[in-house]
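Enquirer: Supplied in structure tokens, the structure appears directly below.
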Amino acid sequence: MICRGKIGAVEIRLHARRFRCTNSQCLRQIFAERLPETARPKARRTSRLCDRQQAIGFAIGGEPGARLSDKLGMPASGDTLVWMIHATEFKPPEPPRVIGIDDWAWRKGQRYGTIICDLERHRVIDLLPNRNANAIASWLGGHPGIEVIVRDRAGIYSKGARRGAPDATQVADRFHLLQNLGEALHSAVSRHRKTVDTAGKATIADIVEDDKTKLEPPIEPSTKLHQLRSTRRSHRRSLYAEILDLHADGLSSRGIAPRIGMSGGPIGSCRVIQPAWRLRR
């Protein structure tokens, strides 16, 4: 086995033992030793490398997978990756036990088919080209062992299920169960509309009353804070009136400022001089 990458070719030489059969009637006279953990029979790559390239092929396909494999140092052509995908062995699916039947549109409003899903494994089993009871009955007849059939409320599927799997239990799907519940609830509420309205109004009144009792009384502003604000406002007004009187007497801003405890400058931009003890702090 040879693996070529960015760093060159890496060749692994395996020496396997051969055994000869002494039975003259044996169709195969020579048996070679198998190494399943290292490589598959007649393989040119290790099992680990094969698994990696196979995963790349399943994820992104042939040519894109070839480019990615080359970047990862595991070069393989796109055709090789596609061949590996086709050569993969798949386990046969287990026979379905719980299936779901619904319609799907070839062309909405004109032509419909039937989709059949395995609800236990969450995958599509088959697509039928039409939507009629005969097709459903024929398909169910070829798949024995179905115990539960989940369907919508269409009579076509009901007839086909009864004919093809008479022993299976038919149930409505989730969407139609919720739809039935909604219709039943709407019908019950409609019959007792007046009672429901009265109960609703009483409930709302109780909620509003509880909310009123839970409301906290409004917080009134502190009396001390209000008094302090009033005092400061009065002081500013008296100071402003004193400035206007001194200015009317002919004093300039530099002459007014020392008298009222402000720094010099225009009257409109005077700043209060802080006491000496505050400046020292």
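Enquirer: Against the condition surrounded by fewer than 17 Cβ atoms within 10 Å (Cβ to Cβ) and either polar (S, T, N, Q) or in a loop (DSSP other than H, G, I, E, B) (or both), how does A43 come out, does it pass?
Expert: Spelling it out, A43 is indeed surrounded by fewer than 17 Cβ atoms within 10 Å (Cβ to Cβ) and either polar (S, T, N, Q) or in a loop (DSSP other than H, G, I, E, B) (or both).
Enquirer: Which residues, counting only those in the stretch 145-175, are among the basic types (K, R) and either surrounded by 14 or more Cβ atoms within 10 Å (Cβ to Cβ) or part of a helix (DSSP H, G or I) (or both)?
Expert: Result: R151, K159, R162, R163, R174.
Conditions tested, residue by residue: (1) of a type in the set (V, I, T); (2) surrounded by 10 or more Cβ atoms within 10 Å (Cβ to Cβ); (3) not in a strand (DSSP E or B).
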{"residue": "R67", "(1), (2), (3)": "no, yes, yes"}
{"residue": "A76", "(1), (2), (3)": "no, yes, yes"}
{"residue": "P92", "(1), (2), (3)": "no, no, yes"}
{"residue": "I99", "(1), (2), (3)": "yes, yes, no"}
{"residue": "C117", "(1), (2), (3)": "no, yes, no"}
{"residue": "D126", "(1), (2), (3)": "no, yes, no"}
{"residue": "H143", "(1), (2), (3)": "no, yes, yes"}
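Enquirer: Among (1) surrounded by fewer than 12 Cβ atoms within 10 Å (Cβ to Cβ); (2) at pLDDT below 75, there is one condition G5 misses while meeting the rest; what is its number?
Expert: Checking G5 against (1) surrounded by fewer than 12 Cβ atoms within 10 Å (Cβ to Cβ); (2) at pLDDT below 75, the one that fails is (1).
Enquirer: While we're on this one: Being touching a residue at least 24 places away in the same chain (Cβ under 8 Å), touching a strand residue (DSSP E or B) at 6+ places or on another chain (Cβ under 7 Å) and not hydrophobic (A, V, I, L, M, F, W, C) is the filter here, so list the residues in the stretch 119-143 that pass it.
Expert: E120, R131
Enquirer: Quick one: what pairs do we get from the stretch 145-173, first residue closer than 20 Å to G113 by Cα, second surrounded by fewer than 16 Cβ atoms within 10 Å (Cβ to Cβ) and hydrophobic (A, V, I, L, M, F, W, C), C-beta under 6 Å, 6+ apart or different chains?
Expert: Pairs that qualify, where the first residue is closer than 20 Å to G113 by Cα and the partner is surrounded by fewer than 16 Cβ atoms within 10 Å (Cβ to Cβ) and hydrophobic (A, V, I, L, M, F, W, C), are V150/V171.
Enquirer: Give the stretch 15-40 a look and list any residue that's surrounded by 10 or more Cβ atoms within 10 Å (Cβ to Cβ) and either touching a helix residue (DSSP H, G or I) at 6+ places or on another chain (Cβ under 8 Å) or among the hydroxyl-bearing types (S, T, Y) (or both), or say none.
Expert: Once the filter is applied, which keeps residues that are surrounded by 10 or more Cβ atoms within 10 Å (Cβ to Cβ) and either touching a helix residue (DSSP H, G or I) at 6+ places or on another chain (Cβ under 8 Å) or among the hydroxyl-bearing types (S, T, Y) (or both), the stretch 15-40 yields T38, A39, R40.
The values are calculated or read from the model by the stated rules, or taken from the named source; none is laboratory data. Remember, predicted model here, so these are calculated numbers, not experimental data. For neighbour counting, all protein chains shown are included, and Cβ atoms are generated from backbone atoms with ideal geometry for every residue, glycine included.
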